[in-house]
1. Given Gly217, Gly182, Gly206, which one is on the phi > 0 side of the Ramachandran plot and not β-branched (Val, Ile, Thr)?
2. Going by the structure shown, is Thr149 in contact with a helix residue (DSSP H, G or I) (Cβ under 7 Å, 6 or more places away or on another chain), at pLDDT 90 or above and polar (S, T, N, Q)?
3. Quick one: in region 19-32, of everything that is surrounded by fewer than 17 Cβ atoms within 10 Å (Cβ to Cβ), at pLDDT below 95 and part of a helix (DSSP H, G or I), which residue is farthest from the chain's Cα centre (by Cα)?
4. Going residue by residue through region 188-207, is there one that turns out to be within 15 Å of Ala70 (Cα to Cα) and touching a Cys at 6+ places or on another chain (Cβ under 7 Å)?
5. Any idea how many residues of region 66-118 are under 22 Å from the mean Cα position of the chain (by Cα) and closer than 24 Å to Leu185 by Cβ?
6. Run down Val220, Val235 and say which single residue is of a type outside the set (Phe, Trp, Tyr), modelled with pLDDT of 90 or more, surrounded by fewer than 18 Cβ atoms within 10 Å (Cβ to Cβ) and under 22 Å from Ala30 (Cα atoms).
Amino acid sequence: MRGRAGPALLLAVVLFCLLTPLVSGHDPHAPDLARALLPPGGTHWLGTDQLGRDLLTRTAAAGRTSLLVALAVTAATTALGAVTGAAAGLAGGVADRLLGFAATVALALPGLTLALALAGVLRPGYGTVLVALVPLGWVNCGLVARTATRQVAGSDHVLAVRAIGASRRYLLRRTIGPHLAGPVLTVATADFGRALIAVTSLSFLGAGLPPPDTDWGGMVSEATPLLVAAPGPAVVPALALALTGLAVALTADTLRSAPASPQAGGRR
């Protein structure tokens, strides 16, 4: 039961973000100053923000943007890290040492600070967020893929396939690749949580998505000046972000705790 809490909560958040803007009847982007800062009620369940927009609908729409951008960042970093780590782990030697050196340098750098600096000199947008977060975000996945590849590469099955002259591309795609799915998925889930925090942080600091697009970080940033007088517009998206982060952390913990399947062809 405990292992299902994270995925169930994450699924609930995703459904909320996807379906609420479709069924609410409120435009998350259209201002209505006559309804600004309304308290929670029958028409607006969570009230309205400083521009009169329905807070529930806007939080869902902003969450959809946050999740999609974080997913795009995670997909890019996972693909880059998995391919780089697997190739270095199989090749060994200089390639393996270069990956280790690059990972050490990347881990030593202040990732969010560099991302903020890079985003600050580029035009705000989805592409800028990707460019700011992907270059240093692949490290965790790359190291995990390298370690898993080195473990699998020493199995009898892989050694036999290499002995008959299989190319490295074939080994990575058909022989080693399937064994990397579990470790890569686990680290990708954790990376998704970190990407979500980074994306919303950039928006909160003014270096994220430009209006009218917004995410949870942008909503909190817009509502911060009114935090004392009207905390709802800032607290609601912040709570949504915290709840999603908890769901992702629980899901990653569930994947990490799942029993590993025995690897075929391993040493006996």
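1. Numbers: Gly217 fails: on the phi > 0 side of the Ramachandran plot; Gly182 fails: on the phi > 0 side of the Ramachandran plot.
Residue meeting the stated conditions: Gly206.
2. Details: in contact with a helix residue (DSSP H, G or I) (Cβ under 7 Å, 6 or more places away or on another chain): yes; at pLDDT 90 or above: yes; polar (S, T, N, Q): yes.
It is true that Thr149 is in contact with a helix residue (DSSP H, G or I) (Cβ under 7 Å, 6 or more places away or on another chain), at pLDDT 90 or above and polar (S, T, N, Q).
3. For region 19-32, the residue satisfying everything is Val23.
4. Yes: one or more hits.
5. Qualifying residue count for the region: 26.
6. Details: Val220 fails: surrounded by fewer than 18 Cβ atoms within 10 Å (Cβ to Cβ).
The unique qualifying residue is Val235.
The values are calculated or read from the model by the stated rules, or taken from the named source; none is laboratory data. Computed from a predicted model, the values in this text were never measured in an experiment. Because the Cβ atoms are built from the backbone with ideal geometry, glycine has one as well, and the counts that use them run over all protein chains shown.
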